[in-house]
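The values are calculated or read from the model by the stated rules, or taken from the named source; none is laboratory data. These numbers were taken from a predicted model, which means no experiment stands behind them. Cβ placement follows ideal geometry from the backbone for every residue including glycine, while neighbour counts extend to all protein chains displayed.
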């Protein structure tokens with residue numbers, strides 16, 4: 001039972017412990033904020049990886065100095081879901097980034113912000129210099145168009161204007177809309193938080209026979225505000 | 001002085017209102033956990049080989065009543081940009097199922113899962129779940145006026161016996177969605193909270209390694 005209570009079972013529970021609204025009561029010094037935050041880190045990595053340990057401790061100092069708290073409605077966190085998908089009768093996987101968006105007033109929702117995966121890469125074959133619509137096609141009723149959609153469809157970007165760029169999210173949406181792509185299951189899930197000045201951390205779910213388990217900080221990166229702005233624009 | 005008194009009264013009122021709001025949320029969370037505990041009790045009955053198939057199927061139907069639309073398929077109506085309404089058929093409540101014997105997670109319709117649960121090919125089945133007071137409930141998230149959603153986390157142990165020997169033993173971590181509708185009844189000072197259960201995820205399944213009966217009982221008691 002003590003292990004069950006120590007486990008960080010829900011993301012809401014992680015956030016409540018991070019904000020010190022809930023505390024691990026099975027420790028000697030319950031009111032020690034630094035300790036409570038250290039217990040939210042992957043203990044195995046904390047003990048074995050000195051870089052992670054130093055980042056952890058520095059980040060905790062920043063959390064307490066700036067009195068940082070996490071909120072569900074924050075714009076500076078997102079989810080990363082690795083999804084098993086079915087495409088062209090084959091199983092594959094994609095990475096999906098999701099962020100929280102306001103619907104109106106106090107109503108929120110999760111939205112798909114970006115997707116990554118080989119099957120979404122229209123430019124996988126790139127632009128080939130050998131493939132183009134011949135200069136005389138205006139006289140031929142452009143009869144090459146049916147051929148390009150049948151014979152060289154994987155090189156479709158070769159036939160588009162030079163300035164053409166595509167958006168992976170549009171590709172994903174189109175494939176789902178046409179029933180070509182089905183998501184089977186979310187294979188793994190992690191969360192990235194950028195609310196702490198100069199830091200960004202990832203939370204993963206740890207399954208182990210230990211009091212240090214459940215949703216825990218698995219990675220910490222130093223991040224400048226410019227890098228955060230770039231990431232922010234990617235997810236919003 | 002008057003302004004100071006008014007300010008103190010105002011702050012006091014806001015604190016009281018917030019405290020009252022927190023109490024309501026805590027009350028709803030407790031009711032959600034209770035609903036999940038009732039489901040887990042029904043699941044024990046559905047799997048109980050000591051009872052008749054008629055008994056097990058009775059609790060199967062009782063369990064389905066705890067869920068959105070009784071676990072059945074249902075229709076939703078969405079309006080497009082031209083104001084035309086389209087009917088979309090939704091599958092009923094789904095449940096993820098895991099096993100220590102294979103790594104893939106399967107998604108079943110809940111009604112099919114419960115049907116199979118009542119007909120498992122074991123001589124005896126023991127199912128034990130986290131006590132109601134220990135079910136962890138998330139925050140309430142508002143989805144529309146008078147409607148909220150939350151998630152409950154619990155663990156469930158499953159032991160299947162053949163010829164008196166435990167042949168399959170596992171503990172699974174599960175999360176279940178709870179939909180809460182607030183109904184204000186004329187003449188009643190307090191609203192009613194209608195709680196219906198939704199999809200169930202299976203996070204992780206671990207084999208129970210021990211064959212010792214006392215150790216197994218200890219594991220079941222510490223869920």
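Figures for the structure shown
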item: Residue that is surrounded by the fewest Cβ atoms within 10 Å (Cβ to Cβ), among those in region B:110-142 that are without any contact (Cβ under 8 Å) to a residue 12 or more places away in the chain and in a strand (DSSP E or B); result: B:142
item: Which listed residue, of A:192, A:203, A:207, A:229, is over 20 Å from residue B:98 (Cα atoms) and free of Cβ contacts under 8 Å to residues at least 12 places away in the same chain; result: A:229
item: Count of residues meeting criterion [surrounded by 10 or more Cβ atoms within 10 Å (Cβ to Cβ) and at positive phi] in region A:127-159; result: 1
item: Among the residues listed as B:159, B:76, the single one being away from chain A (no Cβ under 12 Å), exposed (fewer than 12 other Cβ atoms within 10 Å of the Cβ) and either touching a strand residue (DSSP E or B) at 6+ places or on another chain (Cβ under 6 Å) or within 25 Å of residue B:31 (Cβ to Cβ) (or both); result: B:76
item: Hey, residue A:53 in a helix (DSSP H, G or I), in contact with a helix residue (DSSP H, G or I) (Cβ under 9 Å, 6 or more places away or on another chain), within 14 Å of another protein chain (Cβ to nearest Cβ) and modelled with pLDDT of 95 or more or not; result: no
item: Restricting region A:93-119 to residues that are within 13 Å of chain B (Cβ to nearest Cβ), part of a strand (DSSP E or B) and without any contact (Cβ under 8 Å) to a residue 24 or more places away in the chain, the residue that is nearest to residue A:80 (Cα to Cα); result: A:109
item: Selection from region A:104-125 of residues that are in contact with a strand residue (DSSP E or B) (Cβ under 8 Å, 6 or more places away or on another chain) and farther than 21 Å from residue A:11 by Cα; result: A:114, A:115, A:116, A:117, A:118, A:119, A:120
item: Selection from region A:207-221 of residues that are surrounded by fewer than 16 Cβ atoms within 10 Å (Cβ to Cβ), touching a strand residue (DSSP E or B) at 6+ places or on another chain (Cβ under 6 Å) and more than 13 Å from residue A:192 (Cβ to Cβ); result: A:207
item: Tally, over region A:222-231, of residues that are outside any strand (DSSP E or B) and exposed (fewer than 15 other Cβ atoms within 10 Å of the Cβ); result: 6
item: Total residues in region A:35-50, condition in a loop (DSSP other than H, G, I, E, B) and under 16 Å from residue A:203 (Cα atoms); result: 3
item: Residue under evaluation residue A:142, criteria (1) free of Cβ contacts under 8 Å to residues at least 40 places away in the same chain; (2) within 23 Å of residue A:195 (Cβ to Cβ); (3) assigned to a loop (DSSP other than H, G, I, E, B), criterion not met; result: (2)
item: Residues located in region A:1-34, provided they are at the interface with chain B (Cβ under 10 Å from one of its Cβ atoms) and part of a helix (DSSP H, G or I); result: A:2, A:3, A:4, A:5, A:11, A:12, A:13, A:15, A:16
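Residues checked against (1) within 15 Å of residue A:203 (Cα to Cα); (2) not assigned by TED's automatic domain parsing to the domain that holds residue A:42:
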residue	(1), (2)
A:59	yes, no
A:62	no, no
A:67	no, no
A:83	no, yes
A:98	yes, yes
